[in-house]
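Below is one structure, written out as structure tokens; comments come after it.
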Amino acid sequence: MEIGAWSTQLEGEHHPLLRDPKTNLIARSEFMGLDAQVRLADGSRRQAVNFDSAATTPALSCVVDEILAQLPFYGSIGRGKGQKSTCSTEVFEDARAVVLGFLSAPADEYSCFFSGTTTEALNKLAGALIESPDDVVLVTRSEHHANDLPWRERAKMRYVEVDELGRLRMDEFAEHLADGKVKVVSVQAASNVTGYVHDVHAIARMAHAAGAIMVVDGAQIAAHRAFSMKGASPEEDIDLFALSAHKMYAPFGGGAVVGKTALLDAHVPRYRGGGMVDVVSDYDCTWLGAPELYEAGSPNFVGQVALARAITALEEVGFEAIQAHEQVLLRKALDGLAAIDGVRLYADSENISDRVGVLTFNVDGVDAAELAARLADDHAIAVRQGEFCAHPLCHRLLGISDDDIVAGMRTPGFVPPAMVRVSFGMYSTEDEVDQLIEAVAQIAGRA
């Protein structure tokens, strides 16, 4: 292989992805491991069904191919002068451009720095933006812990509540912002519990009017809906956005933050080391600007190559097709589960146009952990059970007060409440949804 070929892959010169003729999405054969047989409790084997895509996703074969194509030329990023270092640095910088384009972020206004998970990214942002324990941060009771606890550790917190169906009470943003004391507003673009897609551009308009910075947790939106850093007006632009590659069919430790360059340059993260400095003296140092300022240490080349290739695959498919497919699956699953006596669905099951492919439920008389285990052990269906790193939201949907939770936390042997979550990927099928409905009906004793 000739050195110089590295640049062809991310620019789109790759084998065309096979498509599913029914959905026009990427064919199941292009995803690693979907045909894997797993052992059931009775010793038999069955092809696994992955309904845990909101947690993580299998790798696309084209992503693995891209990694293998780049590894022969791997060298140190941004530091070495050998040919391989030059090649890897070019690929790494090309990947930034891919991420910026994916989020419609103009390169003259925004920078992309790479991270691992969204959790890591949000911790870096919290460490940089929060400069005093008196700083005020506004989040919601719908957030994943990754977009609550890093801020909670460092700042004074305010929370927007949810209604009985788990939707944000949008009027509360204005109430919390009215005194002009909020420094940062940080909101998820889509919930990993309800699947609701939040109008973060409208929230950004309110945040900016009050002089606050707008941060978006994009972990659950990036593989499901198109997203733009630019709003209908400059007031609606997003300042900072974080995502993880492992939720985008590229589970190799990649992730990214896209943010306004001037804002990133105005702060210094607490995560420090080589690569982010210009000059270090015995007792002082000067910093580079973004994106290098936020990338101390040796970067995860493989992870970011994987992220960029996954993005080009998603763009090739188009989000209209992805959204349409998820809506079909979600409608079918909700209707099928609702018809089973004893099933309790959470969130709005009627109006689902603002939901990505995520649903949560319980079965009366069946512990959530037992239900999830039986789906896996008896039916080879992988789901998630628990509170999905979003405990305050789950408590509200379950109708459990915070006082009861605090009392439970202080009681030896306390078992936290739980739900079961089903989440879809591009590869999920209607036949698999039918399998889920039949399995739940059997477990519920209603078949």
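Report, to one decimal in Å, the Kirkwood hydrodynamic radius for the stretch 208-298 based on all distinct Cα pairs.
15.1 Å
Extending each Cα 7 Å along its Cβ direction at TRP287 and SER233, get the distance between those two points in nm, one decimal.
It is 3.2 nm.
Starting with the highest mean, order 278-287, 263-272 by the number of other Cβ atoms within 10 Å, averaged over the residues of each peptide.
263-272, 278-287
What FRET efficiency, computed as 1/(1 + (r/R0)^6) with R0 = 51 Å and r the Cβ-Cβ distance, is obtained for GLU350 and ALA407, rounded to the nearest 0.05?
Details: r = 34 Å, r/R0 = 0.68.
The value I calculate is 0.90.
Counting every Cα pair in the stretch 157-264, what percent are over 25 Å apart?
Pairs farther apart than 25 Å: 21 percent.
Under a Cβ-Cβ cut-off of 13 Å, what is the net charge of the residues other than GLY254 that fall near it, where Lys and Arg count +1 and Asp and Glu count -1?
0
Roughly speaking, what is the stretch gain from GLU316 to ARG19, that is 0.36 nm per residue apart minus the C-alpha to C-alpha distance, in nm to one decimal? Kindly include the intermediate steps, with their values, before the conclusion.
On the way: separation 297, 0.36 × 297 = 106.92 nm, distance 1.07 nm.
Full-extension gain reported as 105.9 nm.
List the GluC sites (Glu not before Pro) within the stretch 120-217 that fall in a DSSP loop (any state other than H, G, I, E or B) and whose Cβ has at most 11 other Cβ atoms within 10 Å. Kindly include the intermediate steps, with their values, before the conclusion.
Values: sites: GLU120, GLU131, GLU143, GLU153, GLU161, GLU164, GLU172, GLU175; in loops: GLU131, GLU143, GLU161, GLU164.
Within the stretch 120-217, the qualifying GluC sites (Glu not before Pro) (loop, at most 11 other Cβ atoms within 10 Å) are GLU164.
Quote the relative contact order of the stretch 116-191 in percent (integer), defining contacts as alpha-carbon pairs under 8 Å separated by 6+ residues.
35 percent
Multiplying the sequence separation of ARG46 and LYS332 by 0.36 nm and subtracting their Cα-Cα distance, what value in nm do you get?
Extending this stretch completely gives an extra 100.7 nm.
Multiply the residue gap between SER132 and GLU430 by 0.36 nm, knock off their C-alpha separation, and tell me the result in nm, one decimal place.
The SER132-GLU430 span can extend by a further 102.2 nm.
Along Cα→Cβ, 7 Å out, is where each label goes; now give me the distance between the ones at ASP65 and GLU164 in nm to one decimal.
5.2 nm
If you take the beta carbon distance between ASP35 and SER76 as r and set R0 to 22 Å, what does 1/(1 + (r/R0)^6) give as a FRET efficiency, to the nearest 0.05? Present the calculation step by step, with values, prior to reporting the outcome.
Values: r = 38 Å, r/R0 = 1.73.
Using R0 = 22 Å, I get an efficiency of 0.05.
Could you tell me the calculated FRET efficiency between VAL415 and ARG152, based on Cβ-Cβ distance and R0 = 25 angstrom, to the nearest 0.05?
0.55
In nm², what is the average projected area of the convex hull enclosing the Cα atoms of the chain?
24.3 nm²
For the chain, give the magnitude of the charge dipole about the Cα centre (Cβ charges: +1 Lys/Arg, -1 Asp/Glu; no others), in debye to the nearest 20.
620 debye
On average over all directions, what projected area in square nanometres does the stretch 67-316 have, based on the convex hull of its Cα atoms?
Taking the Cα atoms of the stretch 67-316, their convex hull projects to 14.1 nm² on average.
Since every read-out is calculated from the coordinates, none of them should be taken as a lab result. All values reported here derive from a predicted model rather than from experimental measurement. Backbone-built Cβ (ideal geometry, glycine too); neighbour counts: all protein chains shown.
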